[in-house]
Amino acid sequence: MYRKERSVPLKSSSSALYNNLSVLPLRDKQLTYFAAVHGSSVSLASAAPGGLSVSHRQLQAKEGGPAGSASIVTQASWCVLPSRVLLVLTSQKGIQMYESDGSIMVYWHALDVLEPPPAQAVFARGIAAASGRFICVGTSSGLVLVFDVPSKGTNITLSEVLEEHRDSITDITSEDGAADLVTADDSGALCVWKAKEEFSLLTRISAFGWTCSSVKLWNGVIAAGYGNGQIRLYEATGGALRATVSAHARWIYALDLAPLTGKLLSGAEDSYVQIWKLSRSPDTGDIEIEHCHSECVTDTQLCGARFCDPEGNSFAATGYDLSEIVRYGQV
């Protein structure tokens, strides 16, 4: 059971983008950082437990172009590596990487597009840290860019480009295990990768007619959220479909997994956040899913939802045109 807690106000509302909320819990500082995208800026907020003291920062995505013109940001996400945490922004122009508080830009990668077809948008979207040293970022052309990140400094390099998708990347997730990385695209196709010195494709999961807007990986289980409101659970190693859940009445915009407990969160256009519990049967090893909680954020088209701790004891959500981050804690 979860109960509403004090909301975190935002300087601007949240755009209707997939996965439009990133959360970074800093337990040693007793703080939680939040990031949500609005147009060409990112609202950063840090809140103490209970939401009592909140500090704000606006990050403008100023990039190459006439007079440092701003471009539309498509996603902001913290990437936690063993030796450092970077805040990664994707936009129509490229990819920016900042120190975790947004104070210093450490890397900027421009998207290589000379003359895009007139009807085709160009952007980067989908961000994940992988294998302790890589940050992977998707693009509208279906490429996945793999950046090698040193333990400190700005010597970040583009080490590899993964060319398996034909449609725009929507989301990327990672986990250290049999499969390291899962990439999803606009057609609904998923690709599962293994990372060594180079990334190799383990399996490809075919599309079935709906966009996969959000994807998560836990204990070798892929949880994928789709435009028809379904959550589908697949085996990461072979791509076998293990469960289909009619989770929402409308388009799913965000999934999140609590790594320590296997709790799964889903947020959608239907105003609902649903909490589920994933597990494996001790007898058969089959994937099992159980519904735990349902929360309606009234009259809100949810566009971001995240757990605020690795156990899944609290969560937060953003909504289109909503100038706050709503928060809930377990009771």
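For the range 291-313, check the following and say yes or no: at least one residue is within 19 Å of residue 35 (Cβ to Cβ), surrounded by 16 or more Cβ atoms within 10 Å (Cβ to Cβ) and among the small types (Gly, Ala, Ser).
Checking the range 291-313: at least one residue is within 19 Å of residue 35 (Cβ to Cβ), surrounded by 16 or more Cβ atoms within 10 Å (Cβ to Cβ) and among the small types (Gly, Ala, Ser).
If you check 229, 267, which single one turns out to be buried (at least 20 other Cβ atoms within 10 Å of the Cβ), farther than 25 Å from residue 42 by Cβ and within 19 Å of the chain's Cα centre (by Cα)? First the steps, then the outcome.
Details: 267 fails: farther than 25 Å from residue 42 by Cβ.
Criteria check complete, one pass: 229.
Identify the single condition in (1) hydroxyl-bearing (Ser, Thr, Tyr); (2) open to solvent by 30 Å² or more (accessible area, probe 1.4 Å); (3) at pLDDT 95 or above that residue 139 does not satisfy, given that it satisfies every other one.
Of (1) hydroxyl-bearing (Ser, Thr, Tyr); (2) open to solvent by 30 Å² or more (accessible area, probe 1.4 Å); (3) at pLDDT 95 or above, only one is false for residue 139: (2).
If you check residue 188 against the conditions, is it buried (at least 20 other Cβ atoms within 10 Å of the Cβ), free of Cβ contacts under 8 Å to residues at least 60 places away in the same chain and not in a strand (DSSP E or B)?
On the way: buried (at least 20 other Cβ atoms within 10 Å of the Cβ): yes; free of Cβ contacts under 8 Å to residues at least 60 places away in the same chain: yes; not in a strand (DSSP E or B): yes.
When the stated conditions are applied, residue 188 passes them.
For the range 95-109, enumerate the residues that are open to solvent by less than 20 Å² (accessible area, probe 1.4 Å) and more than 15 Å from residue 157 (Cβ to Cβ).
Looking only at the range 95-109, we keep the residues that are open to solvent by less than 20 Å² (accessible area, probe 1.4 Å), and these are 95-98, 102, 106.
Residues satisfying the conditions are 96, 98, 102.
May I ask you to say which residue of 158, 145, 217 is open to solvent by 60 Å² or more (accessible area, probe 1.4 Å) and either within 25 Å of residue 267 (Cα to Cα) or part of a strand (DSSP E or B) (or both)? Reasoning before the result, please.
Working: 145 fails: open to solvent by 60 Å² or more (accessible area, probe 1.4 Å); 217 fails: open to solvent by 60 Å² or more (accessible area, probe 1.4 Å).
None of the others qualify; the one that does is 158.
Within the range 166-185, count every residue that is of a type in the set (A, V, I, L, M), part of a strand (DSSP E or B) and out of contact with any Phe, Trp or Tyr (no Cβ under 9 Å at 6 or more places or on another chain).
Taking the range 166-185 and keeping what is of a type in the set (A, V, I, L, M), we get 169, 172, 178-179, 181-182, 184.
This time we only want the ones that are part of a strand (DSSP E or B), so: 169, 172, 181-182, 184.
From the residues that got through so far, the ones that are out of contact with any Phe, Trp or Tyr (no Cβ under 9 Å at 6 or more places or on another chain) too are 169, 172, 184.
Adding up the residues that qualify gives 3.
Within the range 294-319, restricting attention to residues that are of a type in the set (Ser, Thr, Tyr), touching a Phe, Trp or Tyr at 6+ places or on another chain (Cβ under 9 Å) and in contact (Cβ under 8 Å) with a residue 24 or more places away in the chain, which residue is farthest from residue 47 (Cα to Cα)? Break it down into steps so the answer makes sense when it comes.
Step one: list which residues in the range 294-319 are of a type in the set (Ser, Thr, Tyr), which gives 294, 298, 300, 314, 318.
Add one more test, that the residue is touching a Phe, Trp or Tyr at 6+ places or on another chain (Cβ under 9 Å), and what stays is 294, 300, 314, 318.
So of that shortlist, the ones also in contact (Cβ under 8 Å) with a residue 24 or more places away in the chain come out as 300, 314, 318.
On the way: 300: 22, 314: 14, 318: 15 Å.
Among those residues, the one meeting the criterion is 300.
Within the range 277-331, which residues are β-branched (Val, Ile, Thr) and in contact with an Asp or Glu (Cβ under 9 Å, 6 or more places away or on another chain)? Spell out how you get there, then give the answer.
Start the filter on the range 277-331 by keeping residues that are β-branched (Val, Ile, Thr), which leaves 284, 287, 289, 297-298, 300, 318, 325-326, 331.
Result: 287, 300, 318, 326.
Name the residues in the range 233-251 that are part of a loop (DSSP other than H, G, I, E, B), touching a residue at least 40 places away in the same chain (Cβ under 8 Å) and open to solvent by less than 20 Å² (accessible area, probe 1.4 Å), would you?
236, 239 - these are the residues of the range 233-251 that are part of a loop (DSSP other than H, G, I, E, B), touching a residue at least 40 places away in the same chain (Cβ under 8 Å) and open to solvent by less than 20 Å² (accessible area, probe 1.4 Å).
Counting just the residues of the range 314-331 that are polar (S, T, N, Q) and buried (at least 17 other Cβ atoms within 10 Å of the Cβ), which one comes out farthest from the chain's Cα centre (by Cα)? Can you show your working first?
Residues of the range 314-331 that are polar (S, T, N, Q), as a first pass: 314, 318, 323, 330.
Now drop any that are not buried (at least 17 other Cβ atoms within 10 Å of the Cβ), which leaves 314, 318.
Numbers: 314: 17, 318: 13 Å.
Among those that are polar (S, T, N, Q) and buried (at least 17 other Cβ atoms within 10 Å of the Cβ), it is 314.
Only one residue in 66, 9, 82 is of a type outside the set (S, T, N, Q), at pLDDT below 95 and either in contact with an Asp or Glu (Cβ under 9 Å, 6 or more places away or on another chain) or under 24 Å from residue 270 (Cβ atoms) (or both), so which one is that? Spell out how you get there, then give the answer.
Values: 66 fails: either in contact with an Asp or Glu (Cβ under 9 Å, 6 or more places away or on another chain) or under 24 Å from residue 270 (Cβ atoms) (or both); 82 fails: either in contact with an Asp or Glu (Cβ under 9 Å, 6 or more places away or on another chain) or under 24 Å from residue 270 (Cβ atoms) (or both).
So the residue among 66, 9, 82 that is of a type outside the set (S, T, N, Q), at pLDDT below 95 and either in contact with an Asp or Glu (Cβ under 9 Å, 6 or more places away or on another chain) or under 24 Å from residue 270 (Cβ atoms) (or both) is 9.
Specify which of the listed residues (153, 132) is closer than 19 Å to residue 77 by Cβ and modelled with pLDDT under 95. Before the answer, list the steps.
On the way: 153 fails: closer than 19 Å to residue 77 by Cβ.
One residue alone meets the criteria, 132.
Output the residue which, of all residues in the range 19-35 that are in a loop (DSSP other than H, G, I, E, B) and open to solvent by less than 40 Å² (accessible area, probe 1.4 Å), is nearest to residue 46 (Cα to Cα). It would help to see each step written out before you state the result.
First pass over the range 19-35, keeping only residues in a loop (DSSP other than H, G, I, E, B): 19-21, 30.
Pick out the ones that are also open to solvent by less than 40 Å² (accessible area, probe 1.4 Å) and you get 19-21.
On the way: 19: 19, 20: 16, 21: 13 Å.
Residue satisfying both the conditions and the ranking: 21.
Answer yes if at least one residue in the range 191-200 is over 22 Å from residue 149 (Cβ atoms) and either open to solvent by 20 Å² or more (accessible area, probe 1.4 Å) or assigned to a loop (DSSP other than H, G, I, E, B) (or both), and no otherwise.
no
The values are calculated or read from the model by the stated rules, or taken from the named source; none is laboratory data. The shown structure was predicted, so the numbers you read here are calculated from the model rather than taken from an experiment. Because the Cβ atoms are built from the backbone with ideal geometry, glycine has one as well, and the counts that use them run over all protein chains shown. The accessibility values were calculated without ligands, DNA or RNA, using every heavy atom of the protein model including side chains. Shrake-Rupley method; radii C 1.70, N 1.55, O 1.52, S 1.80 Å.
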